[in-house]
Structure formats: structure tokens, C-alpha cells
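Right, one structure below, let's go through it.
The values are calculated or read from the model by the stated rules, or taken from the named source; none is laboratory data. Values in this document were obtained by computation on a predicted structure and should not be read as measured data. FYI the Cβ positions are ideal-geometry reconstructions off the backbone, even for glycines, and counts take in every protein chain you see.
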Amino acid sequence: MINGKIKRGIRKIKGDNREIFSTTFFPAKIKNSTKKHKTLIGLGCNVGDCVKRFKKLYLFLQNHPKINILQTSIIYKNPPFGYLNQPDFYNTVMVIATNLSPFELIRFLQYTEKKFGRIRSFKNAPRTLDLDIIIYDNLEMNKNNLILPHPFFKKRDSVLLPLFLKD
């Protein structure tokens with residue numbers, strides 16, 4: 001569980017080097033939307049200045065005509081899993097509203113990852129930005145390039161902690 005006091009927007013988690021961050025845009029509750037679909041997006045990064053990149057992503061999405069940011073969570077710094085020989089990850093979640101279909105949204109998120117410098121060199125490789133659709137409305141689907149809800153989100157602290165901890 002979480003021990004410690006908030007110091008400069010950071011909480012330490014007892015027993016290791018995991019941290020919880022608060023920044024200008026994370027967490028934030030922004031607005032309602034008239035767009036049809038509500039979607040939970042997972043954000044991850046472990047290359048470069050991840051907190052700054054999340055801020056740039058926030059501003060990029062905020063200005064996109066087909067997306068409204070509804071809410072963001074805290075940022076969680078945690079060790080990698082899968083491929084372990086890499087820097088710690090920074091993770092957060094964002095609730096958006098959109099009129100994009102799930103397939104249009106995943107294509108847009110993959111485009112955005114590339115725009116922010118992501119190179120897919122191997123599975124679980126270090127990355128400048130990782131964007132996953134965690135939940136899209138209450139939709140359930142299992143297609144080659146998209147499984148909803150995300151099949152592993154209930155097992156990942158990198159999604160669950162940001163989702164349930166609010167500053």
C-alpha cells in the first residue's frame with residue numbers, strides 16, 4: 001500500500017522505487033462532451049522525458065477535433081515487465097470522448113505513437129510512447145489487431161493504480 005506524504009507532487013511507495021506523480025495536467029477532470037463514445041486510454045513511456053511527453057500529448061489531443069479529454073489520472077513510475085533490461089516506465093490513464101470507431105481510434109493512436117517517436121523494434125521494447133485502448137464504451141471484441149477490453153488491464157498495476165488513485 002501507499003505510505004509517505006506528498007512532497008512536490010511525488011509520493012513514494014514503500015519498499016521500492018515506484019512513485020506516483022502529480023503534474024499540471026495529471027490528474028485533471030476537464031469537461032463533459034457530446035461525442036458518442038467514452039474510452040479509457042493507457043499511456044506509457046520509458047525513453048526520454050516521459051512527463052514532458054505526456055504534457056505534449058495532452059496538448060496535442062486537447063486540440064484534436066475528434067477527441068475531447070474528459071479526465072486524466074496521476075502518473076505512476078514503475079519497473080518494466082516482460083523485457084526487464086530497460087528503464088522504469090511512466091504510466092497514466094486518460095478518459096476521452098470521441099466519435100471515432102474503435103478501429104479508427106487504434107489507427108489514430110498508432111499514428112500518434114509514431115508522431116511522438118515510437119519505433120517498434122521488438123516486443124516489450126523501450127518506447128517513447130505507448131497508447132492502448134483499455135476500454136471502449138462497454139464493447140467486447142476479439143479481432144486480430146484489437147481486443148476489447150484490453151485483455152491484461154486487470155493484472156497491470158500500470159493501469160490499475162493510475163485508474164483508482166486520485167490526488
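Within the stretch 59-84, track down each residue that is touching a strand residue (DSSP E or B) at 6+ places or on another chain (Cβ under 7 Å) and aromatic (F, W, Y). Passing the criteria: only Y76.
In the stretch 112-167, what count of residues is obtained for those that are part of a helix (DSSP H, G or I) and within 19 Å of G48 (Cβ to Cβ)?
To start, the set of residues in the stretch 112-167 that are part of a helix (DSSP H, G or I) comprises 112-115, 153-155, 157-164.
Still in the list and also within 19 Å of G48 (Cβ to Cβ): 112-115, 158.
Final tally of qualifying residues: 5.
Every condition in (1) surrounded by 14 or more Cβ atoms within 10 Å (Cβ to Cβ); (2) closer than 24 Å to K36 by Cβ is met by N142 except one, and the failing one is (1). Residues in the stretch 17-42 that are small (G, A, S) and either at pLDDT 90 or above or touching a helix residue (DSSP H, G or I) at 6+ places or on another chain (Cβ under 9 Å) (or both): A28, S33, G42.
For (1) among the acidic types (D, E); (2) more than 21 Å from F152 (Cα to Cα); (3) surrounded by fewer than 15 Cβ atoms within 10 Å (Cβ to Cβ), each residue gets a yes or a no:
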position: A28; (1), (2), (3): no, yes, no
position: G44; (1), (2), (3): no, no, no
position: T72; (1), (2), (3): no, no, no
position: L100; (1), (2), (3): no, yes, no
position: R107; (1), (2), (3): no, no, yes
position: F122; (1), (2), (3): no, no, yes
position: L131; (1), (2), (3): no, no, no
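Pairs linking a residue in the stretch 28-48 that is touching a residue at least 12 places away in the same chain (Cβ under 8 Å) to a residue that is in a strand (DSSP E or B) and among the small types (G, A, S), with Cβ atoms under 7 Å and 6 or more positions apart or on different chains, are S33/A97; K35/A97; H37/A97; K38/A97.
Determine whether Q62 is surrounded by fewer than 21 Cβ atoms within 10 Å (Cβ to Cβ) and either closer than 27 Å to M141 by Cα or touching a residue at least 40 places away in the same chain (Cβ under 8 Å) (or both). No, not satisfied. Taking the numbered list (1) surrounded by fewer than 22 Cβ atoms within 10 Å (Cβ to Cβ); (2) in contact with a strand residue (DSSP E or B) (Cβ under 8 Å, 6 or more places away or on another chain) in turn, P87 passes all entries but (2).
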